[in-house]
Amino acid sequence: MASKFFTGSQLKWLAIISMLLDHTAKIISFQQYAVLSVPYATDSSVIAEVTKTVFPIFITIGRLAFPLFCFLLVQGFIHTSNLSRYSLRLFLFALLSEIPYDLAFSKQWFDWQSQNVFFTLLIGLLVITGLKRYQGRSIKNYLISSMFILCGIFSAEWLHTDYGGWIGVLLIVVLYIFRNHNLLKCVFGGAVILQNSLFGLLAFPLIYFYNDQRGKQMKYFFYWFYPVHLLLLTAIQQFIIVPYLLNMF
């Protein structure tokens with residue numbers, strides 16, 4: 001058997017770092033300022049040229065984040081001692097993160113056309129909660145479980161939740177259903193993520209080598225990191241990058 005060496009904590013750090021790179025590129029990317037009527041000179045700005053080269057790499061690396069977070073959500077669901085508190089925490093941070101998310105990606109206080117990733121994770125959690133309750137092998141349970149999955153997919157699409165809506169929810173479902181079958185979990189999870197990102201496939205070797213150890217716990221770190229880093233990146237964009245570009249011209 002192959003040695004497995006990634007703890008849950010290590011996977012979480014990899015997910016956080018890759019997400020930070022992705023969001024840095026998307027929020028601070030110089031190319032987006034054309035829509036803000038801010039000049040963008042591809043020929044005269046060395047910094048702009050660097051970002052054109054580096055930021056696409058950041059975004060590619062960022063594709064690792066969501067599959068890892070989905071996997072860690074399923075692990076949290078399996079091991080939590082208080083599912084109600086777990087669900088409530090996701091819901092509260094989904095609400096708390098919405099304004100930072102909208103400011104970062106839509107430049108608006110509220111944008112009903114897209115909701116942050118906590119909503120995707122929350123819907124996925126509610127779906128697998130239903131699957132666990134109706135996991136017996138009967139036609140009735142299969143039908144009810146199918147309804148939970150379909151309702152979750154529909155809800156994610158209707159709310160326009162981050163990371164492809166239905167893709168995120170279905171990925172969580174697949175990772176839960178095959179939680180005890182490591183290879184199948186990676187194969188079918190990879191098939192789902194392939195609908196959104198080719199590079200996201202590289203998250204699954206990391207998941208395959210998870211060693212079932214939680215590692216050092218940072219219970220609330222990610223929850224707070226998500227809205228805070230979005231606010232900080234937006235502040236850098238609005239109060240440093242935009243003034244800098246305006247002064248250039």
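Remarks
- Test: residue in segment 180-194 that is open to solvent by 10 Å² or more (accessible area, probe 1.4 Å) and in contact with a Ser or Thr (Cβ under 7 Å, 6 or more places away or on another chain): no
- Scanning segment 166-179 for residues that are in a loop (DSSP other than H, G, I, E, B) and either open to solvent by less than 60 Å² (accessible area, probe 1.4 Å) or in contact with a Gly (Cβ under 9 Å, 6 or more places away or on another chain) (or both) returns a single hit, Phe178.
- Residues satisfying the stated conditions in segment 133-151, i.e. open to solvent by less than 100 Å² (accessible area, probe 1.4 Å) and modelled with pLDDT of 90 or more: Ser146, Phe148, Ile149, Cys151
- Scanning segment 124-165 for residues that are assigned to a helix (DSSP H, G or I), over 30 Å from Asp111 (Cα atoms) and not hydroxyl-bearing (Ser, Thr, Tyr) returns Leu131, Lys132, Arg133, Ile139, Lys140, Asn141, Leu143, Ile144.
- The set of residues from segment 100-121 being part of a helix (DSSP H, G or I), in contact (Cβ under 8 Å) with a residue 24 or more places away in the chain and either small (Gly, Ala, Ser) or open to solvent by 20 Å² or more (accessible area, probe 1.4 Å) (or both) comprises Leu103, Ala104, Phe105, Phe119.
- Taking segment 193-218 as the range and being closer than 13 Å to Phe71 by Cβ, part of a loop (DSSP other than H, G, I, E, B) and hydrophobic (A, V, I, L, M, F, W, C) as the test, only Phe209 passes.
- Which numbered condition Gly124 misses (of (1) open to solvent by 30 Å² or more (accessible area, probe 1.4 Å); (2) closer than 16 Å to Asn196 by Cβ; (3) at pLDDT 90 or above): (1)
- Of the set (1) surrounded by fewer than 19 Cβ atoms within 10 Å (Cβ to Cβ); (2) small (Gly, Ala, Ser); (3) modelled with pLDDT of 90 or more, all apply to Ala41 but (3).
- Given (1) closer than 30 Å to Ile241 by Cβ; (2) open to solvent by less than 50 Å² (accessible area, probe 1.4 Å), number of the condition Ile59 does not satisfy: (2)
The values are calculated or read from the model by the stated rules, or taken from the named source; none is laboratory data. In this text the structure is predicted, and so the values were computed from the model without any measurement. All Cβ positions, glycine included, derive from the backbone under ideal geometry; neighbour counts span all protein chains shown. Each accessible area value is taken on the protein alone, full model and side chains, heavy atoms only, with ligands, DNA and RNA left out. Shrake-Rupley method; radii C 1.70, N 1.55, O 1.52, S 1.80 Å.
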